[in-house]
Amino acid sequence: MKPVLAALLGSPLPEGNTAILLDKAMAGARDAGCDLRKIDVPELGFTPCREFYFCKDHDQCMMDDDMNEMYALFKEIDGLIIATPVMTMGVPGALKAFMDRFQVFFCAKYIRKNRLVSAEKRRHRRTLLISISGLNLPHTFDGVRLSAESFCDIIDCKLSDELYVRDMDNKKDLLLYPELLQEAYQKGKALGTAAVTALGSDQEM
C-alpha cells in the first residue's frame, strides 16, 4: 500500500509560481512511491470558524461543508506539503481559514485528550512547507512559518522541511530558475521517500 500525501495550494493562482513549486514537489513525492491528493484551498466551499465549539464534545464540526471531507482525509494521510505565498506577512486568507477550521483536531487533542490521528500515523507523519514572497526582507517568512508550525502540531504532522523563495517581485517567473524547481522536486522526493520507508517499517511491526 502506498503512502498518501496531501498537497495544499494556498495561492489563489492555480497556475502561478506557488503552484509550479508545489507541482514539482508533488512530482518528487510521486516518484518516491506516494499517492498525492492535491487540494486547491481557495476553491473549497467552506466558511471560517464561527467558534460554535460543537467540536469541544464531538469529532466533527456542526457546519456541513467541504471541511468534513478534509477532516476524514487528514486523519489518514501519511504526510503533507503546504505551498503558499506570503500575504501581509502571513498566509493568505483562504489557507488561514482552512487551518483555523481544524479546531476539530485541536479540541480532540488538547481538550478531550483523544487525538483523531492514530499513534501509528503520528510516528511518521511529516510536513514540507514551501513559501514564496515578493519581498526580500529578513523576517518575511516568520508569520507563515509560525502558522504552519502551529497547524502541523494540531494535526500531528510535524513540520520537518522548508523551502523559501524570496524576491519574487524581481524574479517574477520561477520557470527561469531551474535550480529552485529542482530543489522543490528533491524536497518532495525526500518527504515521499521518508513516508514510504516509515510505512514499510510500520507494516513490519
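Numbers at a glance
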quantity: So Leu128, is it within 23 Å of Glu15 (Cβ to Cβ), in contact with a helix residue (DSSP H, G or I) (Cβ under 6 Å, 6 or more places away or on another chain) and not in a helix (DSSP H, G or I); calculated: yes
quantity: Segment 116-138: number of residues that are surrounded by 15 or more Cβ atoms within 10 Å (Cβ to Cβ), more than 23 Å from Asp23 (Cβ to Cβ) and either touching a Phe, Trp or Tyr at 6+ places or on another chain (Cβ under 8 Å) or among the acidic types (Asp, Glu) (or both); calculated: 2
quantity: Those strands (runs of 3 or more DSSP E) lying entirely in segment 1-95 with at least 2 residues touching a residue at least 24 places away in the same chain (Cβ under 8 Å) and among the acidic types (Asp, Glu); calculated: 35-40
quantity: Residue satisfying all of: in segment 58-93; surrounded by fewer than 20 Cβ atoms within 10 Å (Cβ to Cβ) and among the polar types (S, T, N, Q); nearest to Pro12 (Cα to Cα) among these; calculated: Thr88
quantity: Check on Leu73, over 14 Å from Phe151 (Cα atoms) and touching a Lys or Arg at 6+ places or on another chain (Cβ under 7 Å); calculated: yes
quantity: Qualifying residue in segment 151-158 (condition: more than 30 Å from Val196 (Cβ to Cβ) and in contact with a Cys (Cβ under 9 Å, 6 or more places away or on another chain)); calculated: no
quantity: Scan of segment 9-25 for residues that are more than 17 Å from Lys171 (Cβ to Cβ) and surrounded by fewer than 24 Cβ atoms within 10 Å (Cβ to Cβ), ordered by number; calculated: Pro12, Pro14, Asp23
quantity: Total residues in segment 94-120, condition over 30 Å from Pro14 (Cα atoms) and not polar (S, T, N, Q); calculated: 11
quantity: Residues of segment 1-17 classified as out of contact with any Pro (no Cβ under 9 Å at 6 or more places or on another chain) and closer than 17 Å to Leu181 by Cα, total; calculated: 2
quantity: Some residue of segment 121-141 being charged (D, E, K, R), modelled with pLDDT of 95 or more, closer than 27 Å to Asp65 by Cα and within 12 Å of the chain's Cα centre (by Cα); calculated: yes
quantity: Helices (runs of 4 or more DSSP H) within segment 139-205 that include 1 or more residues of a type outside the set (Asp, Glu), touching a Lys or Arg at 6+ places or on another chain (Cβ under 7 Å) and buried (at least 16 other Cβ atoms within 10 Å of the Cβ); calculated: 142-154, 178-204
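The values are calculated or read from the model by the stated rules, or taken from the named source; none is laboratory data. Quick caveat: nothing in here was measured; it's all calculated off a predicted structure. When we count neighbours, we look across all protein chains shown, and the Cβ atoms used for this are built from the backbone with ideal geometry, even at glycine.
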